[in-house]
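The structure appears below as structure tokens.
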Amino acid sequence: MVSGFRQIAPLELPLGQDALFEQACNDAAVGLCLVDPAGTFLRVNPALCQFLERRESEIVGTNFACLTHPDDLEESRRAHRTLTEGTQDSVHLEKRYLLPGGGFVWADLTISTVRHPATGTPRFFISQVRDITARKEAERQLRESREAFRLLAETSTDLIARLAVDGTYLYVSPACQTLLGYAPEEMVGHSTYDFIHAEDAEELRRMHRQLLDTGEPSTSTYRISRANAGWAWFETSARLVHLGEEKPHPEIHASSRDVTGRKRAEERIRELARRLEEANRFLKEANLSLKEIAATDPLTGLGNRRDFERRLNLELRRASRSGTPVSLLYLDLDRFKAYNDRFGHPAGDEVLIKLGALLADSVRTSDSVARLGGEEFVVLLPQTGVEGAVTLAEKLRLTVAQHLAARRPITVSVGAATLELPTDGSPDLDAIAGSLVDAADTALYTAKREGRNRVCQTTVVLD
């Protein structure tokens with residue numbers, strides 16, 4: 001049990017036995033002790049006993065050398081000699097005390113001399129002992145951290161930097177020489193913005209603001225000038241750190257990697273992607289043109305036989321679902337071979353072109369006009385029954401007779417065929433399409449035999 005200062009030998013102290021002073025020493029938050037000129041503890045207070053993890057009886061009567069860490073013993077003895085020899089009346093030092101269970105604690109000591117009034121020789125020494133173990137540990141960790149940072153920075157192939165919060169370089173690793181061609185001292189003291197490409201400065205400012213506002217690590221990519229001209233792309237990861245315990249101050253620690261090669265590769269990829277997109281667009285346009293060419297009659301611009309067969313199949317599928325009728329008009333110019341023989345093929349082609357335009361302008365948008373070859377044309381009529389088919393066929397016949405006259409009167413014969421598909425079952429659409437075309441063709445030749453320039457109609461009956 002610590003009982004405060006205890007006198008182990010008769011000693012007339014200038015402090016006297018004042019109870020109030022004694023109580024103050026016992027209640028002091030810092031360690032207090034009296035040591036004789038030989039270095040032996042005479043008195044100790046409870047705070048010192050607690051600090052050294054020893055009872056008062058284990059300290060009093062012991063020489064300070066027995067409790068001092070071996071590595072600090074020489075400095076402690078030197079301070080003791082300074083006081084003993086009278087060179088100074090007080091000294092200040094930091095040292096480690098050994099603990100009974102192993103280990104040590106750090107102390108900050110201020111030692112003052114009390115002298116004999118008559119001779120001036122030291123009578124004893126008064127020490128104030130403050131616990132600085134936590135501070136020393138923090139300093140140790142900081143040294144280790146700085147040493148680790150230094151080793152990392154000096155061996156890293158990346159650019160490692162410490163910056164003030166305004167962006168001024170405080171430290172730049174030696175890698176800057178290899179990466180940028182600058183010596184570290186050419187960058188330290190300058191703002192990072194002195195080296196940044198003008199187009200990328202705002203990106204860096206954004207990262208800077210985010211870092212200071214949130215304290216969260218941030219990353220940005222930008223260009224930085226090389227000493228020998230040109231620019232290098234760098235990707236920088238930065239974090240905000242607070243150094244110091246009593247007066248913490250913020251710094252920015254940044255690690256920057258040269259990504260110039262990656263950026264060039266990305267640019268090449270973007271350029272290749274752009275070219276590929278252009279090539280794909282060109283290919284799509286070419287494919288569309290090929291499809292149009294493949295489905296278009298080159299003379300009249302109407303659909304050709306292939307396009308007609310595709311549209312016929314599509315309309316028959318729709319009719320099989322809806323149960324609506326489909327009609328087909330088969331048209332053929334009357335005595336067209338004689339016209340060609342007399343006036344020549346260019347004149348004949350002119351008639352075919354005009355006929356195609358006339359037919360296209362005379363039907364509904366839902367109808368399809370196609371040239372099958374020679375002077376044969378067809379008009380596909382979705383959702384059209386017998387009456388509608390005959391009406392349109394007569395209209396077309398009259399229109400041709402009235403408006404297509406060239407070097408002699410021009411007429412057409414028309415065969416009209418209509419069918420209705422059942423909505424149940426799975427009909428053979430190819431066979432049905434063939435039946436519809438054959439029926440319209442047969443009706444056309446009936447019109448030819450009956451004198452031409454007329455419409456003949458038939459209805460397809462499915463088995």
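Scanning region 167-192 for residues that are under 15 Å from GLU251 (Cα atoms), crowded, with 17+ Cβ neighbours inside 10 Å and in contact with a Pro (Cβ under 8 Å, 6 or more places away or on another chain) gives a single hit, VAL172. Taking LEU93 as the residue in question, decide whether it is at pLDDT 90 or above and either outside any helix (DSSP H, G or I) or over 30 Å from GLY181 (Cβ atoms) (or both). Judged against the criteria, LEU93 is a match. Do we have any residue at all in region 70-86 that's part of a strand (DSSP E or B) and surrounded by 15 or more Cβ atoms within 10 Å (Cβ to Cβ)? The answer is no, given that none of the residues of region 70-86 is part of a strand (DSSP E or B) and surrounded by 15 or more Cβ atoms within 10 Å (Cβ to Cβ). From the list PHE377, PHE308, the one residue that fits, being under 20 Å from THR399 (Cα atoms), touching a residue at least 24 places away in the same chain (Cβ under 8 Å) and touching a strand residue (DSSP E or B) at 6+ places or on another chain (Cβ under 9 Å), is PHE377. Of the residues making up region 109-139, those that are in contact with a Lys or Arg (Cβ under 8 Å, 6 or more places away or on another chain) and crowded, with 17+ Cβ neighbours inside 10 Å are LEU109, PRO122, ARG123. Identify all residues within region 321-345 that are of a type outside the set (Gly, Ala, Ser) and not in a helix (DSSP H, G or I); write none if there are none. Passing the criteria: THR324, PRO325, VAL326, LEU328, LEU329, TYR330, LEU331, ASP332, LEU333, ASP334, ARG335.
When you check ILE196 against the structure, is it at pLDDT below 90, outside the structural domain of PRO37 (by TED's automatic domain parsing) and in contact with a strand residue (DSSP E or B) (Cβ under 9 Å, 6 or more places away or on another chain), yes or no? The answer is no for ILE196. Taken together, the residues in region 384-442 that are in a loop (DSSP other than H, G, I, E, B) and β-branched (Val, Ile, Thr) amount to 4. Residues that are assigned by TED's automatic domain parsing to the domain that holds VAL30 and under 60 Å from the mean Cα position of the chain (by Cα) do occur in region 86-93. Within region 87-103, restricting attention to residues that are under 17 Å from SER127 (Cβ atoms) and out of contact with any Asp or Glu (no Cβ under 7 Å at 6 or more places or on another chain), the residue that is surrounded by the most Cβ atoms within 10 Å (Cβ to Cβ) is TYR97.
Contact annotation: residue pairs with Cβ atoms under 6 Å, 6 or more positions apart or on different chains, pairing a residue in region 430-452 that is closer than 19 Å to THR384 by Cβ and in the same structural domain as LEU380 (by TED's automatic domain parsing) with a partner that is aromatic (Phe, Trp, Tyr) and at pLDDT 95 or above, are ALA440/TYR330; ASP441/TYR330; LEU444/TYR330. Within region 426-447, if we keep just the residues that are under 26 Å from GLN402 (Cβ atoms) and surrounded by fewer than 17 Cβ atoms within 10 Å (Cβ to Cβ), the residue that is nearest to the chain's Cα centre (by Cα) turns out to be TYR445. The residues in region 311-359 that are over 22 Å from ARG397 (Cα atoms), basic (Lys, Arg) and surrounded by 15 or more Cβ atoms within 10 Å (Cβ to Cβ) can be counted, and the count is 1.
LEU211 - would you say it is of a type outside the set (Ser, Thr, Tyr), surrounded by 15 or more Cβ atoms within 10 Å (Cβ to Cβ), in the same structural domain as GLY181 (by TED's automatic domain parsing) and not in a strand (DSSP E or B)? Yes; evaluated as a whole, the condition is true for this residue.
The values are calculated or read from the model by the stated rules, or taken from the named source; none is laboratory data. Remember, it's a predicted structure, so these values are computed and weren't measured experimentally. When we count neighbours, we look across all protein chains shown, and the Cβ atoms used for this are built from the backbone with ideal geometry, even at glycine.
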